[in-house]
Every structure is written in C-alpha cells, then in structure tokens.
Amino acid sequence: MRIIRIVAILVAVAFVPLLSHAAEGKVISSTQYLWYQDFQSADTDQSDLAEYLRLDVTKLDKEGKISLHGYGRVLYQTTTSVEDRPEIANDTYGRLYYFYLDYRDAVKDHLDLRAGRTYVSSAAVSGTIDGVYLDIRKLGPVGVTLFGGRNVIFDNKSEVGTGGDTLSGMSVYVDTIKSTHVEVSYGRKYADSDLAREYVGLDFSTTPLEKVNIYGRTQYDTVSDKFSELLFGAKLAPGKDLILRGEYYQNRPTFDAFSFYRYFNVNDYKEMSLAAEYQVTSEYRVYGKYARENFGDDATANLYDIGLFARPIKDLALNVSYEYRDGYAGQLNGFRINGVYKISKTAISAGIDYDDFRRESSRDGTAKKYWAGIMYEQSKMFSASARFEDNVNYNFDNSYQGFAAINVNY
C-alpha cells in the first residue's frame, strides 16, 4: 500500500503541468516467459510469467526541467516452489525498481532534486530509497548532496523490509582544475529503527597529466572502527591504442551493529592488479590482467586473465577469454567463448563457458555452460528474443533455463 500511495502522489504532482503543456512520453514493455529448474522444490521444473514496464515522461514544463521516470515488474509464478510465500496472494509478486520525479535546475544553476523511489550513491553509502535526493551545486567551488528515506530491500522476487528500515546521508564535493573531483560523504542505515551501519567515505579522481588518470575510494566503518574498503588506481593511455591500469583494492566484510557475526575476527581481502588493453585494429582488441590476491594468514593466489575481441567479418563479433588461477583454495582454469552473428533484422548468439577446478582437500571437477539465443527486431517499436541455457557441473548433469520475450517501444 505504501508503494501505491507514493506512485499515486507522484503521478498527480507530475501530470498537473500537462493541463497547460504537452509533454513527451516513452513506454517500453517487455513480456517474458521464464523457465528454470529448482532442485530444492518438489517440482523441479519451474516457470514464471513477467511483465517489465519502463516509463519516461519528459518536458513536463515549458523549460523542459521536469521529468518523470519509472521502472517496475509484475511476476506471476505458474508453478509451486520452495520460495512460495503464503502471504503473497495468487503467487503474484511485484517489484518497483524506481519511480521518481526529476526536477533539474529547481533553483537556477544551484539545485537539482529527485523525489520518489530512486537510487542514491556515495562513497559512504548507497541504495534505493523512497525519499528525496538534493544536489546543491555551485556554492562557489563546492557542492552538497543530501538524501534520505525508507531503505528499499528486495529479495529474489519481491520487496521486503519495514518502515523502520531507513537510509540517509550527505556529501560535500569540489570540482576543480585538471578534471579533479573530490567528495567526502557520510551515511547511515537503520534496520527496524535501530542503527545498523554508519560509514564515512572519500572519493576522488584527477588527471594531473594528459592521458593520466588517478582515482581512489575509501570507506570507513564507524561501527567496527575499521576501514571497510580501500581502492587506489591509475589509468594511463601512453598511445591512442593502448590503455594501462594498475590498482590496489582492499575489502573487509561488515555486518549490522547488532549482528552476532560482528564479533567474529575476519581477515581483509587485498588485491594488487595490473591490466593492459590494446586496440590492434578497428576490428581486433586484446587485453590481459594479472592480480595478486591476499586472503590473510599467508593465504595468497595468482590470477591471470587474457582475452580477445574480434570482428573477422562484417556481421560477426567474437569474444574469447582464458583465466588461470593458482594458490589458496586450489587451482582453476577455464575459458569463455561467445559470439553474435547478424542476418538482416535477426541476431543469433551463442556461447560456451568451461571451468576446470581443483579444490584443496575437497572436490575436483569441471563446470560447463552452453547457451544460445536469438533476437528479431521487426522495427524500432517491436522486437522478440529468446535464450536457452544448459549448466553441467558436479551437482547435476543438466540444469536447463531460458526465457522468451516480446518487447514493445511506444
């Protein structure tokens, strides 16, 4: 009911200007039939019917500053699975991803705002809220963002959470010379009206030299009094066809303030990586990456990844990659091949994933995935697509899934 009220209020507010001004609207509909296998359910073969709907209404005012955007899904489960909820009537699940009013330049050159269900992001905290996001710009060289509302939490098929789940935060940022952006942010999450998480974050990016970009992000968890995330990197383009990147990344698991798991001692994950990408010709591109992984307590691993993108003929595109990993927890190597071939208004795609793994003091084996798909675009207004996939691994000989969709752009 809360979602319905929010939608009704936003629609009423947004469409008032239409009485005196002709807006522009676009609707994208995707009707899908999905089938898959659930080995935890009595009925292994499962299927759903889903309707995805996206709405974009622009130029709600004469200046073109106000717009309305929405995207959601209604899903009907045609079979009985272990995920069934007795409180959901008729096995129909709804999910509203976003629905908000966007008002640019609400105060000329100084204020942008979004109201409704919207995604907010900062170095400290991010998530989807039923609330308000304000971007106060050009206060000299400084800008400020403020946001807050009910924290929207999704499970596999629907929305969960209560009115006591909230998310709020703010940031102060500076945009200056050399394409430099520095942002300091603060955010809180509440669960059932109790403080669950609190973070302070820093995000920066600068281009001190031509073709050299330095960037980073940090997040500090005030509840556990430790850094939960660190990222520092540099991107270089020494030539027009070559891109080099180096990164250091560190992550520490975090838990709610009242969680039992918060009292466990956990290790930081650290990774140092080097990557290169080279555009050989307009039709061929190669890349490679090396990463040194550290899981703490002298548990380390090496990861190697190489790949190729190729367009050997006009209507055929191929992606090929190979990955090798050794060290902590065992060895893994595998490849991935996929491609798409266009014939007039039809695109045919297919791919294979293959992994060979050796776990320490555990199982050995392979995991394979085979898939194929087709898409037909009759016009810019109408298209149809389908995909079929089979997974083979140590758990089962075959696990089939796929979908068929009809897409309409109004």
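The values are calculated or read from the model by the stated rules, or taken from the named source; none is laboratory data. Note that the structure is a prediction, hence the values are computed from the model and not measured. In this analysis, Cβ positions are derived from the backbone assuming ideal geometry, glycine residues included, and neighbour counts consider all displayed protein chains. Just the protein is used for accessible areas: all its heavy atoms, side chains included, with ligands, DNA and RNA removed. Shrake-Rupley method; radii C 1.70, N 1.55, O 1.52, S 1.80 Å.
In the complete set of protein chains, residue-level accessible area for MET381 is approximately 100 Å², probe 1.4 angstrom. The local environment of LEU230, defined by Cβ-Cβ distances under 10 Å, has a net charge of +1 under the rule Lys, Arg +1 and Asp, Glu -1. When semi-axes √(5λ) of the Cα gyration tensor in Å is calculated for this entry, the matching label among (1) 28, 26, 23; (2) 35, 32, 28; (3) 73, 28, 20 is (2).
In this structure, the amide hydrogen of GLU159, modeled 1.01 Å from its nitrogen in the peptide plane, lies closer than 5 angstrom to those of GLY94, counting only residues at least 5 positions away or on a different chain. What's the FRET efficiency of ASP61 with TYR290 using the Cβ-Cβ distance as r and R₀ = 60 Å, to the nearest 0.05? Computed FRET efficiency for ASP61 and TYR290 comes out at 0.70. Taking every DSSP helix (H) stretch of at least 4 residues in the chain, weighting each as -39,500 (n - 2.57) and dividing the sum by the residue count yields a mean residue ellipticity at 222 nm of -1000 deg cm²/dmol.
Between the residues SER171, ILE129, GLN46, the greatest Cα displacement towards the positive end of the dipole of the stretch 38-182, with unit charges on the Cβ of Lys, Arg, Asp and Glu, is found for SER171.
In the distance distribution for the stretch 155-309, Cα-Cα pairs more than 24 Å apart total 54 percent.
In whole percent, how big is the carbon plus sulfur part of the accessible area of the chain, probe 1.4 Å, protein atoms only?
Result for the chain: 58 percent of the exposed heavy-atom area is carbon or sulfur.
Taking a straight Cα-Cα cut-off under 19 Å and skipping sequence neighbours fewer than 8 places away in the same chain, the aspartates and glutamates within cross-link reach of LYS314 are GLU283, GLU377. A crude spin-label estimate for the pair LEU139 and ILE153, with each label 7 Å from Cα along the Cβ direction, gives 3.2 nm.
Working ranking of peptides 183-191, 160-168, 212-220 by packing, defined as the average number of other Cβ atoms within 10 Å per residue, highest first, is 183-191, 212-220, 160-168.
Assuming R0 = 30 Å, what is the FRET efficiency of MET170 and ASP256, from their Cβ-Cβ distance, to the nearest 0.05?
With a Förster radius of 30 Å, E is 0.90.
Each residue of the stretch 189-206 is assigned a 3J(HN,Hα), and the resulting list reads 10, 10, 10, 6, 6, 9, 4, 9, 8, 9, 9, 10, x, 9, 9, 8, 8, 8 Hz, derived from the Karplus form 6.51 cos²θ - 1.76 cosθ + 1.60 (θ = phi - 60°), x at Gly and Pro.
Taking the Cβ of TRP371 as the centre, find all other residues whose Cβ is under 13 Å away and add up their charges (Lys, Arg: +1; Asp, Glu: -1).
+1
If each residue of separation counts as 0.36 nm, what is the full-extension length gain between SER379 and LEU146 once their alpha-carbon separation is subtracted?
Full extension of this stretch gives 79.6 nm more.
Which of the lysines could be linked to LYS178 by a straight reach, that is with a Cα gap under 29 Å, when you skip same-chain ones fewer than 8 residues away? Counting by Cα, and skipping residues close in sequence, LYS178 has these lysines nearby: LYS108, LYS138, LYS211, LYS235, LYS240, LYS289. The loop-placed trypsin sites (Lys or Arg not before Pro) in the stretch 96-173, going by DSSP, that have at most 11 neighbouring Cβ atoms within 10 Å of their Cβ come out as LYS108. Note on VAL340: accessible area approximately 50 square angstrom, rounded to 10, probe 1.4 Å, nucleic acids and ligands left out.
Projected label points at VAL160 and ILE313, each 7 Å from Cα along the beta carbon direction, are separated by 5.0 nanometres. Ligands, DNA and RNA are left out, and with a 1.4 angstrom probe the accessible area of the stretch 195-276 is 59 Å² per residue. Rolling a 1.4 Å probe over the protein chains gives LEU303 an accessible area of about 30 Å². Sequence-ordered 3J(HN,Hα) estimates for the stretch 99-116 from the Karplus curve with 6.51, -1.76 and 1.60 and θ = phi - 60° stand at 6, 8, 9, 10, 10, 7, 6, 4, 10, 3, 6, 10, 9, 10, 9, 10, 9, x Hz, glycine and proline given as x.
What ranking, highest mean first, results for peptides 260-268, 327-335, 390-398 when packing means the other Cβ atoms within 10 Å averaged over each residue?
Ranking, from highest mean packing down: 327-335, 390-398, 260-268.
Each label point was placed 7 Å from the Cα along the Cα-to-Cβ direction; for LYS108 and THR300 their separation is 6.1 nm.
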